[in-house]
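Engineer: Take a look at the following structure, please.
The values are calculated or read from the model by the stated rules, or taken from the named source; none is laboratory data. Quantities reported herein were computed from a predicted structural model and do not represent experimental measurements. A quick note on method: Cβ atoms are made from the backbone with ideal geometry, for glycine too, and the neighbour counts reach across all protein chains shown. SASA here: full protein model, heavy atoms, side chains in, ligands and nucleic acids out. Shrake-Rupley method; radii C 1.70, N 1.55, O 1.52, S 1.80 Å.
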Amino acid sequence: MSTIDDIFAASLENTAGAPERRRRAGGGRGGDRGKGRKSQPTLRYRSILNTREPTLILSGEGLEAIHEASLTVLEEIGIDFMLAEARERLKAAGADVTGGSERVRLDRNLVMDLVAKAPGAFRLHSRNPERNLEIGGNNIAFAQIASAPYCSDRDNGRRSGSQADFRNLIRLAQSFDVIHMTGGYPVEPTDLHASTRHLDCLADLVKLTDKPFHAYSLGRERNLDALEIARIGRGISTAQLEQEPSLFTIINASSPLRYDAPMLQGIIEMSSRNQAVVITPFTLAGAMAPVTVAGALVQQNAEALAGIAFTQLVRPGAPVVYGGFTSNVDMKSGAPAFGTPEYLQAVTAGGQLARRYGLPYRTSNTCAANTLDAQSAYESMMSLWAVVQGGGNFVMHAAGWMEGGLTASFEKFILDVDMLQMVAETLKPLDVSSDALALDAIREVGPGGHYFGTAHTLSRYETAFYSPILSDWRNFESWSMAGQPTAYDHANRVWKETLANYEEPPLDPAIREELDEFVARRKSEGGVPTDF
């Protein structure tokens, strides 16, 4: 088995281009080709490097203009920190805290001094060391959809999330190596009581997957329970957990210009223990942010810098990610719009800002479609190319996002996995070795021949090209004879086949027993208080 250092060294090469056989979860050009075939595990997509130079949508002057305007917002307007402990910490550090209010104004030098303490990259540990992730640099890590209240599939329609749906979406995430972490709950299991829901869900994340996972910052007790479950799942001590970030949390600003108490408490609990915090303002231009993309970016950047600075005030050097989630609204209805040209601009500019501060960059794969159709594909592909061009490192909602994030779709999950793998394939370095240049094959065929029967082709045909999960490449007659199946048909079949072939990753029986005992004890104690 590879050591952690071996995995880290391997990340210096783009394993998206490794020669292992592509994994196929059924489907592909032949419609039923691969039906019932079990996907073979592979390292092919476990580590993906962005080999492209990031797109610069902002000039140097434009980048500095947004930066300076953001610092002016922090100095002159300020941000509400809605937790007394946070305001006390900030005041002790030299911030201007307005008495009798939650408003905090931050000197630009204080902000930049704190932001400079954040690491430029870090390793996120999993219970399976082969699943450890390098966050930052040229690395890209994809997480499935998180926090949807509804889920859907073609057979059962749109519905409130349940524990069964939650577990099946986690099993799907475990089944594809291009999904590197599970994000939050892919769908909220509303049939579990909120007081103990996090205990069941986090225990399932340990048992059903061996990938890094997320803790919601919805109160101190939930953070502490998640930290203990992450420690138990890895079978390590509290001291080792503090040395090895093994859990991440998404911290959203309550735009415009506010951080609420649960989010700030989450930063305190997680950063103080050296766990990963992903600071992500959620700014929709025209609603919670100025209607111009530049104005929305000023607000996004001000909120992000304030949150990042606070993590470093809590613990200098604690792992933190610069997050951007700026899109626009439909000005006719007020509904959020995703996968738009403005979203691509904001994501690309956000990457420039993150690199200016030397920080890893979080972004998302989004769409506003209500079903698996052309809109769901082109909006998501617009988002994914924004991720690549913007230099995204930590990609939330990469698979399964539908209806502006309200619904986790089983079929959309498969479509997104196919697109993520295609993106990974485009990032592999082009082989220009003497063997790949194929001069011997060209000499053998000469003018007017074909290459189907050459030794060069026969030795490579199985792995020469990406084999898509959903594309149906049969001619019209063959496709018609098969019933004219659509991408929706193929995706519906593939997610079912994938679940049928799912195998739970190995877990030490002693760890399982300790985990079950902890969950049972915390449930007997009542979990966390709720108002219902």
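Engineer: How much accessible area does Met419 have with a 1.4 Å probe, in Å² rounded to the nearest 10?
Structural biologist: The accessible area of Met419 comes to roughly 10 Å².
Engineer: Another question, if that's okay. Work out the charge dipole of the chain with +1 on the Cβ of Lys and Arg and -1 on the Cβ of Asp and Glu about the Cα centre, then indicate which of Tyr488, Val423, Thr55 is farthest towards its positive end.
Structural biologist: Highest projection toward the positive end goes to Tyr488.
Engineer: Next question, about the same structure. Using alpha-carbon pairs under 8 Å, 6+ residues apart, how would you state the relative contact order of segment 54-118 in percent? Don't skip to the end; give the middle numbers.
Structural biologist: On the way: 49 pairs, mean separation 20.3, N = 65.
Once divided by the residue count of segment 54-118, the mean separation gives 31 percent.
Engineer: Per residue of segment 384-400, in order, report the coupling 6.51 cos²θ - 1.76 cosθ + 1.60 (Karplus, θ = phi - 60°) as ³J(HN,Hα) in whole Hz, putting x for Gly and Pro.
Structural biologist: 5, 6, 5, 4, 5, 5, x, x, x, 10, 10, 10, 7, 6, 5, 9, x
Engineer: If I model a spin label as a point 7 Å beyond the Cα along the Cα-Cβ vector, how far apart are those points for Lys91 and Ser478 in nm?
Structural biologist: Here the modelled spin labels are 7.4 nm apart.
Engineer: Output the relative contact order of segment 374-449, whole-number percent, from Cα pairs under 8 angstrom with separation of 6+ residues. List each step's numbers first, then the result.
Structural biologist: Values: 31 pairs, mean separation 16.6, N = 76.
22 percent.
Engineer: How much accessible area does Met331 have with a 1.4 Å probe, in Å² rounded to the nearest 10?
Structural biologist: Met331 has an accessible surface of roughly 130 Å² with all protein chains in place.
Engineer: Another question, then. Mind ranking Tyr361, Tyr502, Tyr461 by accessible surface for me, highest first, 1.4 Å probe? Numbers along the way, then the final one.
Structural biologist: Details: Tyr361 5, Tyr502 40, Tyr461 140 Å².
Ranked list, largest accessible area first: Tyr461, Tyr502, Tyr361.
Engineer: Another one. Please list, ordered by chain and number, the residues whose modelled amide H lies under 5 Å from the amide H of Ala141; skip anything fewer than 5 residues away on the same chain.
Structural biologist: Close amide H contacts, sequence-distant or interchain: Phe394, Val395.
Engineer: Output the direction-averaged projected area (hull surface divided by four) of the convex hull of the alpha-carbon atoms of the chain, in nm².
Structural biologist: Working: hull surface 110.5 nm².
Projected over every direction and averaged, the Cα hull of the chain covers 27.6 nm².
Engineer: Output the Kirkwood hydrodynamic radius of segment 169-255, Cα pairs only, in Å rounded to one decimal.
Structural biologist: Across segment 169-255, the inverse of the average 1/r is 13.7 Å.
Engineer: Also, quick follow-up: Using unit Cβ charges (K, R positive; D, E negative) and no other charged atoms, how large, in debye to the nearest 20, is the dipole of the chain about its Cα centre?
Structural biologist: Values: 52 positive and 64 negative charges, 107 e Å.
Dipole of the chain, to the nearest 20 debye: 520 debye.
Engineer: If you don't mind, there's one more thing I want to ask. Please give the helix 60-72 orientation as an angle from the longest Cα principal axis of the chain, in degrees from 0 to 90, rounded to the nearest 10.
Structural biologist: Once rounded, one gets 30 degrees.
Engineer: Report, in debye and to the nearest 20, how large the dipole of segment 210-296 comes out about its Cα centre when Lys and Arg carry +1 and Asp and Glu carry -1 on their Cβ.
Structural biologist: Values: 7 positive and 8 negative charges, 26 e Å.
For this selection, approximately 120 debye.
Engineer: Using only protein heavy atoms and a 1.4 Å probe, report how much of Tyr357 is accessible, in Å² to the nearest 10.
Structural biologist: Tyr357 has an accessible surface of roughly 20 Å² with all protein chains in place.
Engineer: Classify segment 106-155 from the C-alpha gyration tensor, please: rounded if a/c falls under 1.5, else prolate or oblate depending on whether a/b exceeds b/c. Before the final figure, lay out the partial values.
Structural biologist: Values: a/c = 3.58, a/b = 1.64, b/c = 2.18.
In terms of gyration-tensor shape, oblate.
Engineer: About the Cα centre of segment 98-167, how large is the charge dipole given +1 on each Lys and Arg Cβ and -1 on each Asp and Glu Cβ? Please answer in debye to the nearest 20.
Structural biologist: On the way: 11 positive and 8 negative charges, 18 e Å.
That gives segment 98-167 a dipole magnitude of about 80 debye.
Engineer: Rounding to the nearest 10 and keeping the result within 0 to 90°, find how far the Cα-based axis of helix 163-175 lies from the longest principal axis of the chain.
Structural biologist: 60 degrees
Engineer: OK, next. Say the cut-off is 26 Å between C-alpha atoms; which of Lys211/Lys412; Lys207/Lys412; Lys117/Lys211; Lys428/Lys496; Lys117/Lys207; Lys207/Lys428 go over it? Spell out each step's value before the answer.
Structural biologist: On the way: Lys211/Lys412 21 Å; Lys207/Lys412 24 Å; Lys117/Lys211 28 Å; Lys428/Lys496 30 Å; Lys117/Lys207 35 Å; Lys207/Lys428 32 Å.
Flagged as over cut-off: Lys117/Lys211; Lys428/Lys496; Lys117/Lys207; Lys207/Lys428.
Engineer: Between Tyr378 and Arg258, what FRET efficiency comes out of the Förster formula 1/(1 + (r/R0)^6) with R0 = 45 Å and r the beta carbon distance, rounded to 0.05?
Structural biologist: Details: r = 34 Å, r/R0 = 0.76.
Calculated value: 0.85.
Engineer: Probe of 1.4 angstrom, ligands and nucleic acids ignored: what's the accessible area per residue over segment 236-295, in square angstrom?
Structural biologist: 32 Å²
Engineer: Heavy atoms only, probe 1.4 angstrom, no DNA, RNA or ligands counted: give me Tyr216, Tyr185 ranked by accessible area, highest first.
Structural biologist: I get Tyr216, Tyr185, largest accessible area first.
Engineer: Does anyone have the angle between helix 293-314 and the longest principal axis of the chain? Alpha-carbon axes, 0 to 90°, nearest 10?
Structural biologist: Taking Cα atoms only, the helix is inclined about 70 degrees.
Engineer: Could you tally the net charge around Thr72, taking each other residue with its Cβ under 12 Å from the Cβ of Thr72, Lys/Arg +1 and Asp/Glu -1? Let's see the in-between values first.
Structural biologist: Details: positive: Arg105, Arg108; negative: Glu68, Glu75, Glu76, Asp107.
Residues near Thr72 contribute -2 overall.
Engineer: Tell me which residues come under 5 Å, amide H to amide H, from Val321 once H is placed; ignore anything under 5 positions away on its chain.
Structural biologist: Placed amide hydrogens put Val277, Val278, Ile279 under 5 Å from Val321.
Engineer: Run the numbers on segment 313-375 and let me know its relative contact order in percent, using alpha-carbon pairs under 8 Å that are six or more apart. Kindly include the intermediate steps, with their values, before the conclusion.
Structural biologist: Numbers: 62 pairs, mean separation 22.9, N = 63.
Dividing the mean separation by the residue count of segment 313-375 yields 36 percent.
Engineer: Expressed as cubic angstrom per residue, what is the convex hull volume of the alpha carbon set of segment 409-532?
Structural biologist: On the way: hull volume 30.6 nm³, N = 124.
Taking only Cα atoms, segment 409-532 has a hull volume of 247 Å³ per residue.
Engineer: If I stretch the segment between Asp531 and Gln240 completely, what's the gain in nm (0.36 nm per residue apart, minus their alpha carbon distance), one decimal?
Structural biologist: On the way: separation 291, 0.36 × 291 = 104.76 nm, distance 3.57 nm.
The span from Asp531 to Gln240 would gain 101.2 nm if fully extended.
Engineer: Of Ser255, His456, Ser333, which is farthest on the positive side of the dipole of the chain, counting Cα position, with +1 on Lys and Arg Cβ, -1 on Asp and Glu Cβ, and the Cα centre as origin?
Structural biologist: His456
Engineer: Give me log10 I(q)/I(0) at q = 0.20, 0.25 Å⁻¹ for segment 431-475, Debye formula, one equal scatterer per alpha-carbon, no solvent.
Structural biologist: For segment 431-475, the Cα-only Debye profile gives -0.78, -0.96.
Engineer: Once phi is turned into ³J(HN,Hα) by the Karplus curve 6.51 cos²θ - 1.76 cosθ + 1.60 with θ = phi - 60°, what whole-Hz value does each residue of segment 453-463 show in order, with x for glycine and proline?
Structural biologist: For segment 453-463, the Karplus curve yields x, 6, 4, 4, 6, 5, 7, 10, 4, 6, 10 Hz.
Engineer: Let me ask another. May I ask you to compute the full-extension gain from Leu458 to Ala500, defined as 0.36 nm times their residue separation minus their alpha-carbon distance, rounded to one decimal in nm?
Structural biologist: On the way: separation 42, 0.36 × 42 = 15.12 nm, distance 3.29 nm.
11.8 nm is the gain from fully extending Leu458 to Ala500.
Engineer: Taking R0 as 30 Å, what's the FRET efficiency between Asn370 and Asp191 from their Cβ-Cβ distance, rounded to 0.05? If you can, show how the numbers build up before the last one.
Structural biologist: Numbers: r = 24 Å, r/R0 = 0.80.
Approximately 0.80, to the nearest 0.05.
Engineer: What order, most packed first, do the peptides 229-238, 485-494 have when packing is the mean number of other Cβ atoms within 10 Å of each residue?
Structural biologist: The most tightly packed comes first, giving 485-494, 229-238.
Engineer: Quick one: which residues, 5 or more positions from Ala289 or on another chain, have an amide H under 5 Å from its amide H? H modelled 1.01 Å from N in the peptide plane, none for Pro or chain starts.
Structural biologist: Answer set, sorted by chain and number: Leu284.
Engineer: Same structure again: When the helices in the chain are scored as -39500 (n - 2.57) per DSSP H run of 4 or longer and the sum is shared across all residues, what 222 nm value do you end up with, to the nearest 500 deg cm²/dmol? Intermediate values should be presented prior to the final figure.
Structural biologist: Values: 19 runs with 220 residues, N = 532.
Calculated mean residue ellipticity at 222 nm is -12500 deg cm²/dmol.
Engineer: Which one, Leu439, Ser524, Ile66, is farthest towards the positive end of the dipole of the chain when Lys and Arg carry +1 and Asp and Glu -1 on their Cβ?
Structural biologist: Among Leu439, Ser524, Ile66, the one farthest towards the positive end of the dipole of the chain is Leu439.
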